[in-house]
């Protein structure tokens, strides 16, 4: 067997990879490296807040209020996504990922071994927030760069599904270890091991992720590159199609936030036990999310042949599920029907969220300015984090359970309806383009089967 027939040759074309939109093993390896980067940077800290919240408090010697401030400081990224668009235009995905992961690796060592006080933790959290403003759009840009135009839905669906799967596996692994040997030292050991994974990941980025955009243009002077990046940011901010996709992403994420409230809704209105509530939460936000995000990409590419059609359909089903929850009587007899509707709500919502950034990559943005487009999409997509939780919390505090959650789900229904309208407009605008993309992808798949 010569080297050209080896199945693991990085630049060899593989028919089975071409069927899902990757021409070579190197391209697919680069894609998986970008996806892993998008999760591992958070695996040693942010990913612990749901499962190991109390352990984090003890390990860092923080109060609930202080840890809340830490996560709020990390969340400042949303304010800097648009300015961060210049960096994502000017520098390559490869360089941004390497620098961001290196900063996270070094600062995590301080968190794990330096016993930092609250002031130092605030400084580190601020650094993480600023880095994330550039890092996360670079992840989205990398997914766009390393995926085929006819398989954007599948690529973004894989991003969400694989990240959720990786988080679930890593958290379960640490839970298993700590159930056998508990203690803060063991927990910090887990943080350290997960932090060490960044080092081989950086090596993979160097080997598998290509340079792209303005940074890859060797003929352009450095000063011209900086001005070109700035012009690109201005151009992107004036594109109506891009704003339409960004507004749709905003409505999807706002509706997705309401999935978090399905468990407290069952506890407050139907008074289910904590054990059952926890199990429902794992199923509703964990397993359902992994499955739905993977399926959404496949449906978008192989059934609907359009991400906007897929989003429109899934949000329509989401709206019907929310209306069903609102209409059902709030009695014990209706507990199981309500749980079924909430699972449907979660599933259809994750179908939309799995590909909610994909339409941004299909908004006719010049390739070298895709980084800025993803920055705008990230800002609009995640801006509900700034106010949605606060609005919902205020409603719960000011009303009795049934009235509170009726208002929360009603707001969710209105937001979802707005998303249906914007997705419908995108669907109408992209009709001919989606048809041409589908025919091109179909021809490529036929070619791959012949090989």
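The values are calculated or read from the model by the stated rules, or taken from the named source; none is laboratory data. All of these numbers come straight from a predicted model, not from anything done at the bench. Counting neighbours? That spans all protein chains shown, and the Cβs are built from the backbone with ideal geometry, glycine included.
Condition first: closer than 30 Å to residue 349 by Cβ, surrounded by fewer than 18 Cβ atoms within 10 Å (Cβ to Cβ) and touching a residue at least 40 places away in the same chain (Cβ under 8 Å). Now tell me which residues in segment 167-193 satisfy that.
168, 175
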Before we move on, is residue 353 surrounded by 21 or more Cβ atoms within 10 Å (Cβ to Cβ), at pLDDT below 95 and either under 28 Å from residue 87 (Cβ atoms) or under 17 Å from the mean Cα position of the chain (by Cα) (or both)? yes
Scanning segment 77-98 for residues that are part of a helix (DSSP H, G or I), modelled with pLDDT under 90 and over 18 Å from the mean Cα position of the chain (by Cα), the one surrounded by the most Cβ atoms within 10 Å (Cβ to Cβ) turns out to be 89
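Here is a list: 449, 405. Which entry is surrounded by 20 or more Cβ atoms within 10 Å (Cβ to Cβ) and either over 13 Å from residue 261 (Cα atoms) or at pLDDT 85 or above (or both)? Reasoning before the result, please.
Working: 449 fails: surrounded by 20 or more Cβ atoms within 10 Å (Cβ to Cβ).
From the options 449, 405, the qualifying one is 405.
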What pairs come up if the first residue lies in segment 373-395 and is without any contact (Cβ under 8 Å) to a residue 60 or more places away in the chain, the second is surrounded by fewer than 17 Cβ atoms within 10 Å (Cβ to Cβ), and their beta carbons are under 6 Å apart, counting only those six or more places apart or on different chains? 395/407
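Would you confirm whether or not segment 195-209 contains a residue that is modelled with pLDDT of 85 or more, out of contact with any helix residue (DSSP H, G or I) (no Cβ under 9 Å at 6 or more places or on another chain) and assigned to a helix (DSSP H, G or I)?
We begin by selecting, within segment 195-209, every residue modelled with pLDDT of 85 or more; these are 195-209.
Cutting the leftovers down to out of contact with any helix residue (DSSP H, G or I) (no Cβ under 9 Å at 6 or more places or on another chain) gives us 200, 203.
With the extra rule that they be assigned to a helix (DSSP H, G or I), the set shrinks to 200, 203.
Yes; the residues of segment 195-209 include at least one that is modelled with pLDDT of 85 or more, out of contact with any helix residue (DSSP H, G or I) (no Cβ under 9 Å at 6 or more places or on another chain) and assigned to a helix (DSSP H, G or I).
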Do we find a residue being touching a helix residue (DSSP H, G or I) at 6+ places or on another chain (Cβ under 7 Å), assigned to a helix (DSSP H, G or I) and more than 22 Å from residue 430 (Cβ to Cβ) anywhere in segment 145-162? yes
Out of the residues in segment 114-146 that are more than 18 Å from residue 79 (Cβ to Cβ) and more than 24 Å from the chain's Cα centre (by Cα), state the one that is surrounded by the most Cβ atoms within 10 Å (Cβ to Cβ). 121
Restricting to segment 48-67, and then to whatever is modelled with pLDDT of 85 or more and within 21 Å of residue 387 (Cα to Cα), can you tell me which residue is surrounded by the most Cβ atoms within 10 Å (Cβ to Cβ)? 67
